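Visitor: Please see the structure below; I have some questions.
Each value in this text was obtained by applying a stated rule to the coordinates, not by laboratory testing. Computed from a prediction, not measured in an experiment: that's the story for all the values here. We place every Cβ from the backbone using ideal geometry, glycine too, and count neighbours over all the protein chains shown.
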Amino acid sequence: MEELFAALIQIVFEIFGEFIFQVVVQFAVELFLRLVRFIFTRNPHTDVAATPATSTPPAVEVTAHPAAIWVLYATLGAVIGFISVWAHPVHFIKAMDHRWLNLVLTPLLSGWFMAALGHWHEKRGHRVVSMDKFFNGWGFALAFAVVRMVACR
């Protein structure tokens, strides 16, 4: 009975450890994207040099197709997955059955977490980035998990 309990605890820690690792990476990517958007977005209303007579009208925001954004996040997830394999080339999860379970559950949980974070930002009036959507968070985490599953020893 004690061995079964120890095995169950190990499975839970392996799956949640991988999930927490992916969520931390996703959170870091989101913070980086928000920082880049903050740096490269200029608000003419807060710019001291802009005056109402000389300021240009606000630019029309161009949005990419959702599939293109998903491909971008999946590619980013794969790249960061390869970086994580380079940094830690050994699987966090030892049993192959648990790796398959991780490949299904972790992206779903990560996508849900990113959607919840997006909802939280939206509710507080913050700008929501495209990573704050379930499908994009899921694509990022799925690509990340697939790369780690295939490339780790």
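Visitor: Write out, first by first residue and then by second, each pair whose Cβ atoms fall under 7 Å of each other, whose residues are 6+ apart or on separate chains, and whose first residue, in the stretch 95-123, is touching a residue at least 24 places away in the same chain (Cβ under 8 Å) and farther than 10 Å from residue 141 by Cα while the second is of a type in the set (Asp, Glu) and assigned to a helix (DSSP H, G or I).
Guide: Hits for this filter: 98/14; 102/18; 114/132; 117/132.
Visitor: Let me ask something else about it. Mind listing whichever residues of the stretch 130-153 are crowded, with 19+ Cβ neighbours inside 10 Å and in a loop (DSSP other than H, G, I, E, B)?
Guide: Hit for the stretch 130-153 is 133, nothing else.
Visitor: Of (1) in contact with a Pro (Cβ under 6 Å, 6 or more places away or on another chain); (2) outside any helix (DSSP H, G or I), residue 89 satisfies all except one. Which?
Guide: So residue 89 meets the others, but not (1).
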